[in-house]
Structure formats: C-alpha cells, structure tokens
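**Student:** I'd like to ask you about the structure that follows.
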Amino acid sequence: MSAPLNCVIIGSGPAGYTAAIYAARANMNPVLYTGKEPGGQLMITTDVENFPGYPQGVMGPQMMEDLKNQAERFGTKIISEFIVGIKQEDNGSHTLVSETGEEIAAHTVIISTGASAKWLGLDSEKEFMNKGVSACAVCDGFFFRGTDVAIVGAGDSAAEEALYLSKLCTKVHMLVRRDEMRASKIMQERVLAAENIEIHWNTETVEIQGGEEVEGVKVLNNKTQEEQVLDVKGFFVAIGHKPNTDLFKGLLDMDETGYLITKAGSTHTNVEGIFASGDAQDSIYRQAITAAGTGCMAALDAERYLTEKGII
Ligand code: NDP
C-alpha cells in the first residue's frame, strides 16, 4: 500500500463535493470516491429553486455536475467506486477498502455518504418519480401550489411536511396506515387543527395513477377494505430516511437510527481524523445547502487536523 493520502472523501452529494472544493483549494490533494449513487439524492430531483446562487433554479443533476466540475477544477481526483471497508491503523491513519479490493491509506477521511429516502416500493411510485412523486415537500411542494396533494406517513416528518404543503396547496390528504400517528403530540395537534389537511386513517396506497404526470392515487381502507381514488397532482412519501452509514458500525458513534454523531459545533467523530458531514449526520435539516455547509466544515476541520499533526 502506498503512503497515506492526506484526505479521502466518501460520497458525492453536495457535502462531498463541497468538502472536495475546500480541501483541494487548501492543497490537501483530496481523492473523492463517488459511491453507488453518484450525485446523491439530488440526482432524483428536478428543479432546485432554494439553493442560493441560482436565481432561475437549476436541475438537481445539473447542480451536481457543476459541483463536480468545480471540485475537479482545483485538482480533486474523483474515483467512481464504492468504499466497502474502513479500519483504523495503530499509527493513526485509516485504511479504506474499495469495491475492487484496493486498499487506500488516508490521514483524514471525510464521510459524506448521505441518506436515502425510504419508499413504499410500488411500481407506480417509480413510474411517476419526478412526475408528481416526491420524497421532499420542502424541495418540491412549490410546484404543486394551488392543487390537491397526498402525503404518506404519520411520523414527525410527515406531519411537518403536511403542514408545509397545507400552506401551499388547496388540500392535503394525509394517508396514515394505522388508527394513530407516531408523530409527537404537538405536531399531531397542529395537523389536526389545519383546515385543509384531511387525515385518512387506516389507509394504504394501492397505486398512483396518471398519464404523463400524477392525476390520482388509489387508496385502500384496511379496516373496511373500501377503495377510493383521490384526485391529486402530487404524491409525497414521508416514511423516513435511512442514513448510509452501515459501513461505519462498530467504528463510529451513531444514534439508534444510524445517524453519525459529531462533536457539537464541529464535524469531528469519535475517531481522530474521521469527519462526518451532510445527511449522514443530520436527521433534522437534510437540505442541499446545509449538507454543503457541513462539507465545508469537514474540510476545514480536516485541514486543521493535518496541520496540527504536521502532515501538511
Ligand atoms: P418515523 O420513523 O418517525 O416515522 C415514519 C412513519 O412512516 C411512521 O408513521 C410509519 O408508520 C410510516 N410508515 C413507514 N413505512 C410505511 C409504509 N410502508 N406505508 C405507510 N406508512 C409507513 O420517521 P420520520 O422521518 O417521521 O422521523 C424520523 C425521526 O426524526 C423521528 O425521531 C422524528 O421524531 C424526528 N423528526 C423530528 C422533527 C422535529 O422535531 N421537528 C421533524 C422530523 C423528524 P407506523 O407509525 O405505522 O410505523
């Protein structure tokens, strides 16, 4: 194995590429492994209108291409492979293993592996992805203003997103599979108080319907077995996210759902030289801009670490 690299970044969403831009401009010669889903969650988004600096909006995949080009412009080496293993060495460096079995030694590792939205797993959900089906109300709700929409889920995310949508949309159908919600009491009260949110209890999604775009959703009441079609233009799925952190189990501290734990006000993990950024460590904000912000923080933390150790 060759001498340790200064900085390896795992993941290629806004956090990873922003970390790469900062690390490259600080002469850290970063190497970025893109992972299985290059570009991350923004690759399955259409227009992004809330990322500062794009007054006319930008398509998600285009924004990721721009970030990639910006990272490469300053010399980031980008490798289209997945990291499958990581271990800590006695000398303080880290060894990563790529999907091809190659071992890569690194003084610092920036984790930007993101999170994946959970989906219902219906064929029609895939068919209408970006044609009315979305897993992010804050990102896509605006496109459905003045229309009726449906949202699946009954946790805090679903409640929060239903309330967000209720301010934009004429009516929000909330599809709850049991006869109670998991969301905190205060969020439930808010949802129940919103005049244009109709909660459909014991209700499951059978199929999303439409032509070019979503036009309705067929739902089933699992108590009465009655089916009905709701006329909606948007179908939002808010049944949780899963951080892509399985690889770090046993090495890094994480909460019970797998989000990496960082030291307050920084991106330091419990292991020296390993920094976490983006949605892999953020269950709350989960926005491209916040991911980019923590990617920047991770590169600055890694640079300080390398300087303190006299490596650069
Ligand atoms: P949760 O795991 O809390 O809730 C997921 C919800 O989706 C549950 O109601 C679940 O139903 C439902 N669900 C899961 N699978 C399906 C399915 N196949 N079909 C229909 N419904 C389904 O996820 P959240 O993303 O809401 O929250 C994650 C964590 O983040 C929680 O701890 C939450 O409190 C926190 N959070 C906090 C916020 C805040 O404080 N402002 C905002 C957002 C999240 P069931 O209940 O039947 O299992």
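Bear in mind that the values in this text are calculations on the coordinates, not laboratory data. Please read all numbers here as calculations on a predicted model, not as lab measurements. Using ideal geometry, Cβ is built from the backbone for each residue, glycine included, and neighbour counts are taken over all protein chains shown.
**Student:** Which FRET efficiency value, to the nearest 0.05, do you get for Thr307 and Glu65 by plugging their Cβ-Cβ distance into 1/(1 + (r/R0)^6) with R0 = 45 Å?
**Tutor:** Calculated value: 0.90.
**Student:** Subtract the Cα-Cα distance of Ile186 and Tyr54 from 0.36 nm times their separation in residues, and report this length gain in nm to one decimal.
**Tutor:** Extra length available between Ile186 and Tyr54 comes to 44.0 nm.
**Student:** Might you list the cysteines of the chain that have no disulfide-compatible partner by the rule of another cysteine's Cβ under 4.7 Å?
**Tutor:** Cys7, Cys169, Cys296 - these cysteines have no disulfide-compatible partner (Cβ-Cβ under 4.7 Å) in the chain.
**Student:** Just give me a number: lysine pairs in segment 165-312, eight or more positions apart or cross-chain, with C-alpha atoms less than 28 Å apart.
**Tutor:** Summing the qualifying lysine pairs gives 18.
**Student:** Another question, then. Put +1 on the Cβ of each Lys and Arg and -1 on the Cβ of each Asp and Glu in the chain; which of Met129, Thr147, Gly53 then has its Cα farthest toward the positive end of the dipole?
**Tutor:** Gly53
**Student:** Cβ neighbours within 10 Å, averaged per peptide: list 24-37, 121-134 in order, most packed at the top.
**Tutor:** The peptides rank, most packed first, as 24-37, 121-134.
**Student:** Could you give me the ³J(HN,Hα) list for segment 13-28, computed from phi with Karplus coefficients 6.51, -1.76, 1.60 and θ = phi - 60°, whole Hz, x at Gly and Pro?
**Tutor:** Values per residue, Gly and Pro as x: x, x, 5, x, 5, 5, 4, 5, 4, 5, 5, 5, 6, 9, 6, 8 Hz.
**Student:** Estimate the FRET efficiency between Glu72 and Asp253 by the formula 1/(1 + (r/R0)^6), using the beta-carbon distance for r and 25 Å for R0, to the nearest 0.05.
**Tutor:** 0.15
**Student:** Hey, another quick one. What percent do you get for the relative contact order of the chain when only Cα pairs under 8 Å and 6+ apart count?
**Tutor:** For the chain, the relative contact order is 21 percent.
**Student:** Under 19 Å between alpha carbons, and skipping anything fewer than 8 positions from Lys68 in its own chain: which lysines qualify?
**Tutor:** Qualifying lysines at Cα under 19 Å: Lys36, Lys77.
**Student:** Which order do the peptides 46-54, 209-217 take when ranked by the mean count of other beta-carbon atoms within 10 Å per residue, highest first?
**Tutor:** 209-217, 46-54
**Student:** Using the Karplus curve 6.51 cos²θ - 1.76 cosθ + 1.60 with θ = phi - 60°, what ³J(HN,Hα) values do you get for each residue of segment 146-152, in whole Hz, with x for Gly and Pro?
**Tutor:** With coefficients 6.51, -1.76 and 1.60, one gets x, 10, 8, 9, 10, 9, 9 Hz.
**Student:** About its Cα centre, how strong a charge dipole does the chain have in debye, to the nearest 20, once Lys and Arg get +1 and Asp and Glu get -1 at the Cβ?
**Tutor:** I would put it at about 560 debye.
**Student:** For His173, what residues show an amide H to amide H distance below 5 Å, using hydrogens built from the backbone and excluding near sequence neighbours?
**Tutor:** When sequence neighbours closer than 5 places are left aside, the close amide H contacts are Val149, Ala150, Ile151, Glu198.
**Student:** Could you calculate the FRET efficiency of Thr147 with Trp201 from 1/(1 + (r/R0)^6), where r is the beta carbon distance between them and R0 is 25 Å, rounded to 0.05?
**Tutor:** Rounded to the nearest 0.05, the efficiency is 0.60.
**Student:** Something else now. For the ranges 220-226, 236-242, what's the packing order if you count other beta-carbon atoms within 10 Å of each residue, average per peptide, and put the highest first?
**Tutor:** Per-residue mean Cβ counts within 10 Å order the peptides as 236-242, 220-226.
**Student:** Which whole-number percentage describes the relative contact order of segment 92-227, with Cα contacts under 8 Å and a sequence gap of 6 or more?
**Tutor:** 18
**Student:** Using only helices, what value at 222 nm comes out for the chain when you add -39,500 (n - 2.57) per DSSP H run of length 4 or more and divide by the total residues, to the nearest 500 deg cm²/dmol?
**Tutor:** Computed mean residue ellipticity for the chain: -7500 deg cm²/dmol.
**Student:** Let me ask something else. Report the rotationally averaged projected area of the chain based on its alpha-carbon convex hull, in square nanometres.
**Tutor:** Over all viewing directions, the chain projects a mean Cα-hull area of 17.3 nm².
**Student:** Under a point-charge model restricted to the Cβ atoms of Lys and Arg (+1) and Asp and Glu (-1), what is the dipole moment magnitude of segment 16-164 relative to its Cα centre, in debye to the nearest 20?
**Tutor:** With Lys and Arg at +1 and Asp and Glu at -1, about 340 debye.
**Student:** Starting from the amide H of Asn6, placed 1.01 Å from N in the peptide plane, find each other amide H under 5 Å away whose residue is 5 or more places distant or on another chain.
**Tutor:** Long-range HN contacts for Asn6: His107.
**Student:** Given H placed on each backbone N at 1.01 Å, which residues far from Met254 in sequence or on other chains put an amide H within less than 5 Å of it?
**Tutor:** Ile261
**Student:** With a ≥ b ≥ c the root eigenvalues of the C-alpha gyration tensor of segment 20-74, is it rounded (a/c under 1.5), prolate (a/b larger than b/c) or oblate?
**Tutor:** Because a/c hits 1.5 or more and a/b fails to exceed b/c, segment 20-74 counts as oblate.
**Student:** Using only alpha carbon pairs under 8 Å that are at least six residues apart, calculate the relative contact order of segment 1-140 and give it in whole percent.
**Tutor:** So the answer I get is 31 percent.
**Student:** Please figure out what share of the DSSP beta bridges in segment 146-301 is antiparallel and state it in percent, rounded to the nearest 5.
**Tutor:** 50
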